[in-house]
Every structure is written in structure tokens, then in C-alpha cells.
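The values are calculated or read from the model by the stated rules, or taken from the named source; none is laboratory data. Because the structure is a prediction, the values reported are computed rather than measured. Remember, those area values only see protein heavy atoms, side chains included, never the ligands or the DNA or RNA. Shrake-Rupley method; radii C 1.70, N 1.55, O 1.52, S 1.80 Å.
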Amino acid sequence: MTARDEVWSEQMRAAIAGDEAAYRKLLASLAPVIRSACRAGFARFGAAPADVEDVVQETLLALHLKRHTWQQSQPLTPWVLAIARNKLIAH
């Protein structure tokens, strides 16, 4: 697990426990990474990049709604990127 992933995992644990400040920091840190992954995915699939932000927002919403399903013993980044990939494919 990378240092970045350790920080994100800790922030998600805190968010699940009710720490709103940790949750805001986490989402602010994740958004650029999700955006980058979505841009790369759109380019790979030959899709117009205009909808990237929609997929980013859908991913962030899914993270919020499904955060209780994340296995806290696992790194957060692969879970987040899997959700982003699924939202990209669905789009």
C-alpha cells in the first residue's frame, strides 16, 4: 500500500466513523485522480471528453452511497478506481 493510499484509507475510516472534515479532504483528494482515470478511459474508448465530469460526479456519488461496502482492511484506491471504471463503462 502506498503512502497516499494509507492516508486515503485512514480518511475513509474516519469518514465512515462520522468525521465530515476527513470526508471532505478525501473527496477533494480523490476527485483529480478519478478525473484523470476517466479522461484516460474516455480516450481509450474514443469517447468525447465532454462527459468526463459527469462520470466523475457519478463516481463520487457512488462512493458516498457505497462507502459502507468498502472492506476497511483493503487499500482504498483499487476500490475507488473499480467504481470509476464501472461508471465509465456504464456511461
**Message:** Using a probe radius of 1.4 Å on heavy atoms only, what accessible surface per residue do you get for the chain? Whole Å² is fine.
**Reply:** 60
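Is the shape of region 49-91 best called rounded, prolate or oblate, per the rule: a/c under 1.5 gives rounded, else a/b larger than b/c gives prolate, else oblate, with a ≥ b ≥ c the square roots of the Cα gyration tensor eigenvalues? Before the final figure, lay out each step's value.
On the way: a/c = 2.80, a/b = 2.05, b/c = 1.37.
Prolate is the answer for region 49-91, as a/c is 1.5 or above and a/b outweighs b/c.
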**Identified option (computed Rg/Rh (Cα atoms, Kirkwood Rh); candidates (i) 1.07; (ii) 0.98; (iii) 0.93)** = (ii)
**Rounded to 10°, Cα long-axis angle of helix 52-66 versus longest principal axis of the chain** = 30
**Asked** What does the helix-only formula give at 222 nm for the chain: each DSSP H stretch with n ≥ 4 adding -39500 (n - 2.57), the total divided by the residues, and the result rounded to the nearest 500 deg cm²/dmol?
**Response** -26000 deg cm²/dmol
**Prompt:** When only Cα pairs under 8 Å and 6 or more residues apart are kept, what is the percent relative contact order across region 19-91?
**Reply:** 37
